[in-house]
Amino acid sequence: MGQPKYKRVILKLSGEALAGVAGFGINPPVIKEMVKEIKDIHKLGIEIAIIVGGGNIWRGTTGAEMGMERAQADYMGMLATVMNSLALQDVLENEGVPTRVQTSIEMRQVAEPYIRRKAMRHLEKGRVVIFAGGTGNPYFSTDTTAALRAAEIGADVILMAKNNVDGVYSADPKKDANAVKFTELTHLDVISKGLQVMDSTASSLSMDNDIPLVVFNMNVPGNILRVIMGDEIGTTVRGNK
């Protein structure tokens, strides 16, 4: 095995990834399979930070569509990401992977508050850090959180693990047989073409800070390791260079 391409990574997981086929709630056996992949790259000495969504429990946009005040609905979504993060931490530590959860909204009884320098120190000591609670502000997605934290901690790349989607397409491949898969794009391409990779705020932030993004199918065993080792799978979204 050669040398890993990346040293410090942000792994972005959807909340639905923790639910399995049920699509709702938290499924520990599903998380355990995911953690095996994370453990494999942790053994290589890769510094790993994780951001997980909360869509398996609650989506702020859905609440807003139902008539809730948007900020209130978004705060509920932030709490959902904390629940997911604690579940992921539990499974990681049961597998012998030291893990810390940091929340952007203080709740000291269950997790550390987000402190940039402390997070970086945890990474340097070989601990996986899970950033929970989004940015701590309504109207911002966990995609934006991934771009923001990647810039703050100096991550080499954002790894966007998708469910049963092996990259970025010109259209939804499940609905359009003529959809074309891209192997490489720029963040500007993503924004100008309106591709559904991450929201425009996250794409702009990644572009401004020259942070590359790799979109790949997390349901193929070993894919996270392949990306770390530099195998050309999925779609790479380049920064400015």
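Readers should treat all values here as calculations from the given coordinates under stated rules, not as data from a laboratory. Treat the numbers as computed from the prediction; the structure is a model and nothing was measured. Please note: Cβ atoms are built from the backbone with ideal geometry, for glycine as well, and neighbour counts cover all protein chains shown.
Hey, got a sec? Which trypsin sites (Lys or Arg not before Pro) in the range 20-84 land in a DSSP loop and have at most 14 other Cβ atoms within 10 Å?
Qualifying residues, ordered by number: Lys43.
For Lys5, project a label point 7 Å along Cα to C-beta. Then give me every residue of the range 134-160 with its amide nitrogen under 18 Å of that point.
Backbone N within reach: 155-160.
Of all beta bridges DSSP finds with both residues in the range 128-241, what is the antiparallel percent, to the nearest 5?
Antiparallel: roughly 40 percent of the beta bridges in the range 128-241.
From the phi angles alone, apply the Karplus equation (6.51, -1.76, 1.60; θ = phi - 60°) to the range 194-206 and give each ³J(HN,Hα) in whole Hz, x where the residue is Gly or Pro.
For the range 194-206, the Karplus curve yields x, 6, 7, 9, 8, 5, 5, 5, 5, 5, 5, 5, 5 Hz.
Determine ³J(HN,Hα), in whole Hz, for all residues of the range 47-53 in sequence, where each value follows from phi through the Karplus function 6.51 cos²θ - 1.76 cosθ + 1.60 and θ = phi - 60°; x replaces Gly and Pro.
After applying 6.51 cos²θ - 1.76 cosθ + 1.60, I find 8, 10, 10, 10, 10, 10, x Hz.
Return the Cα extents of the chain along principal axes one, two and three, sorted largest first, each rounded to a whole Å.
Extents along the principal axes, in whole Å: 51, 50, 35.
Treat the count of other C-beta atoms within 10 Å as a stand-in for reagent exposure and order Ser104, Ser206, Ser192 from fewest to most.
Taking fewest neighbouring Cβ atoms as first place, the list is Ser192, Ser104, Ser206.
I want to verify the translational diffusion coefficient of the range 181-241 in µm²/s; compute it with Stokes-Einstein, Rh as the Kirkwood radius over Cα pairs, at 10 °C and 1.306 mPa s.
Result for D is 132 µm²/s.
Taking neighbour counts of Cβ atoms within 10 Å as a proxy for exposure, in what order, fewest first, do Ser14, Ser204 appear?
Ser204, Ser14
For Ile50, which sequence-distant residues (separation of 5 or more, or a different chain) have an amide H within less than 5 Å of its own amide H, given hydrogens modelled in the peptide plane?
Leu11, Val129, Ile130, Phe131
Restrict the search to the range 109-182; then list the trypsin sites (Lys or Arg not before Pro) that DSSP places in a loop and that have at most 11 other Cβ atoms within 10 Å of their Cβ.
Filter output for the range 109-182: Lys125, Lys174, Lys175.
Expressed as a whole number of Å, what is the distance separating the alpha-carbon centroids of the range 119-136 and the range 66-85?
21
Mind giving me the nanometre distance, one decimal, between the label points for Asn163 and Asn137, set 7 Å out from Cα along Cα→Cβ?
In this crude label model, Asn163 to Asn137 measures out at 2.9 nm.
Semi-axes, largest first, in whole Å: what does sqrt of 5 times each Cα gyration tensor eigenvalue give for the range 3-70?
Semi-axes, largest first: 30, 16, 6 Å.
Are there GluC sites (Glu not before Pro) in the range 144-238 that DSSP marks as loop and that have at most 12 other Cβ atoms within 10 Å, and which are they?
In loop regions of the range 144-238 (DSSP not H, G, I, E or B), the sparsely surrounded GluC sites (Glu not before Pro) are Glu232.
Nearest 5 percent is fine: what portion of the DSSP beta bridges confined to the chain is antiparallel?
Bridges in the chain that DSSP calls antiparallel: roughly 15 percent.
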